[in-house]
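The values are calculated or read from the model by the stated rules, or taken from the named source; none is laboratory data. All of these numbers come straight from a predicted model, not from anything done at the bench. So basically every Cβ, Gly included, is an ideal-geometry build from the backbone, and we count neighbours across all protein chains shown.
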Amino acid sequence: MKEFIESEIKIINGMFKHNRIMAKVIKAENVLQSFIRYHLSLHASQQFAAIERIQRELSAQLAKNRAKYDHPSTDIILCTKPNFGLEVSHPKPSPLLWPMRKLLNLESDTMLCGVSAIDNKPEIVRFKDSPHCLIAGMTNAGKSVLLQMMLLSLVANNKPEDLGLVLIDLKNEDLAPFKNLPHVISYNYDFESATEAINIMIAEKNKRVEDNKGKRIVLVIDELAQLAGDRRLASKLGDLASIGRSKRLNLIAATQSVTKDGGIGSMMKANFSCRLIGKVAPGLSSVATGMAKMQAHLLPGYGSFLRIEGDKNHRFQSYYIDQSDVKLMVNHVSKQYKLHDMKPDIKGDISHDMTNINMIHTSERETCDISKNSDIFPIGAFRELNAKEIAEVKRLYATPEFNSVSKLTLKVYGSRNPERTNKIKEVLNV
């Protein structure tokens, strides 16, 4: 890896010299195993635009070099935060695995997203600062996984009597794992029920204009474009966003289409105070971000996002969580709030009739308590286990609750991947 980075530095500095650009690489930084940032020193008299002019040519030269190392090619992103430099995708990226302990210990009304590329601190969204949030990006940008992580952290740290969710998922896919949670007022997967859900949210907004009482209710829409194409619904969503922010009525929406027809019209654009933008199609970066030269079309995808809020922006890497872990966490939250003992008539306190919007009630739900037993796990990072931890792993494996390698890996490390699973197998000699 050191040799590879040195070869890229040589190419960058060589291109600067060839084009008589008074700049050079002063440091290379591996950021979150997602991208490499080459920090630059630029002479005071040198114009920044000179580097922009050779951006495509420089990307092409790096691509040729990467082919020699059997690494995928990369586009170059010019950045000014936290330092002036060039960013290129990591040749061997790895997912940022979700941290169970952090997810379960957040403040209320707060959502965990990932890790900031500026200071390596947790990337979070708070409703008090960001009442409405838009997640945008093309296929493989990572928006669905990001949306699921945000919702998991929200329901894990807010009681159903304090938080209600109205879910709209016309694909009946990414939000489906959440539909049986006690927080969910309604789960809507067809256009008719989605329209009715939005109408009821508008009615609740009007009620709270007169009497601003009630728990926080979050309208979550997966693939906003499917609704925003209807002008009447787009207008209602804009109305809800503009007034609801002060009434504890919040909106989280995800979309692949960042055009006006995809939900980024002027009314909605003004009300999405926080935008989490992944890789978008060429030509759509300024539309998605609302800012010039953000180069969102050059992001590598797979959880690499820009956070745009007001005139501030920065990069972050979202956490990765696989679908089995999503299911496990939903089951944990359901059991935590004693879903089996809850009655349908106390699911939410909206004053209007929600019974006709595909409300889900079931008596048979899979549950798994991930907080029982050993208090030394999860350890929160991948490493070799010490003698005490190995003994505890073997003890847990003998119990009915953790008699599978999969469950035990999640218990020990907080998340699963092949490396962690193999380590548990090695300890158990299976």
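Selection of the stretch 201-232 for residues being touching a strand residue (DSSP E or B) at 6+ places or on another chain (Cβ under 8 Å) and more than 19 Å from residue 255 (Cα to Cα) yields 201, 204, 205, 208, 215, 216, 217.
Matching residues to (1) out of contact with any Lys or Arg (no Cβ under 7 Å at 6 or more places or on another chain); (2) modelled with pLDDT of 90 or more; (3) surrounded by 12 or more Cβ atoms within 10 Å (Cβ to Cβ); (4) on the phi > 0 side of the Ramachandran plot:
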| residue | (1), (2), (3), (4) |
| --- | --- |
| 43 | yes, yes, no, no |
| 46 | yes, yes, yes, no |
| 80 | yes, no, no, no |
| 100 | yes, no, yes, no |
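If you go through the stretch 394-424 and pick out every residue that is surrounded by 13 or more Cβ atoms within 10 Å (Cβ to Cβ), in a helix (DSSP H, G or I) and under 31 Å from the mean Cα position of the chain (by Cα), you end up with 15. Residues in the stretch 39-64 that are assigned to a helix (DSSP H, G or I) and among the hydrophobic types (A, V, I, L, M, F, W, C) were compared, and the one that is farthest from the chain's Cα centre (by Cα) is 50.
Would you mind finding the one in 42, 58, 62 that is farther than 26 Å from residue 146 by Cβ and in contact with an Asp or Glu (Cβ under 7 Å, 6 or more places away or on another chain)?
On the way: 42 fails: in contact with an Asp or Glu (Cβ under 7 Å, 6 or more places away or on another chain); 58 fails: in contact with an Asp or Glu (Cβ under 7 Å, 6 or more places away or on another chain).
The match here is 62.
Only a single item in (1) modelled with pLDDT under 95; (2) assigned to a strand (DSSP E or B) is not met by residue 33, and it is number (2). Note on the stretch 311-355: among residues that are aromatic (Phe, Trp, Tyr) and modelled with pLDDT of 90 or more, the one that is surrounded by the most Cβ atoms within 10 Å (Cβ to Cβ) is 319.
The rows are residues; the columns are (1) closer than 22 Å to residue 329 by Cβ; (2) among the β-branched types (Val, Ile, Thr).
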| residue | (1), (2) |
| --- | --- |
| 183 | yes, no |
| 191 | no, no |
| 201 | no, no |
| 211 | no, no |
| 217 | yes, yes |
| 225 | no, no |
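Across the stretch 266-292, the number of residues qualifying as in contact with a strand residue (DSSP E or B) (Cβ under 8 Å, 6 or more places away or on another chain) and assigned to a loop (DSSP other than H, G, I, E, B) comes to 7. Looking only at residues of the stretch 1-30 that are surrounded by fewer than 18 Cβ atoms within 10 Å (Cβ to Cβ) and part of a loop (DSSP other than H, G, I, E, B), we find that the one that is modelled with the lowest pLDDT is 1.
Do we have residue 308 as buried (at least 17 other Cβ atoms within 10 Å of the Cβ), under 11 Å from the mean Cα position of the chain (by Cα) and hydrophobic (A, V, I, L, M, F, W, C) here? No; evaluated as a whole, the condition is false for this residue. Among residues of the stretch 61-76 that are closer than 11 Å to residue 89 by Cα, those with a beta-carbon under 8 Å from a residue that is basic (Lys, Arg) and buried (at least 18 other Cβ atoms within 10 Å of the Cβ) at least six positions away or on a different chain give the pairs 72/66; 73/66; 74/66.
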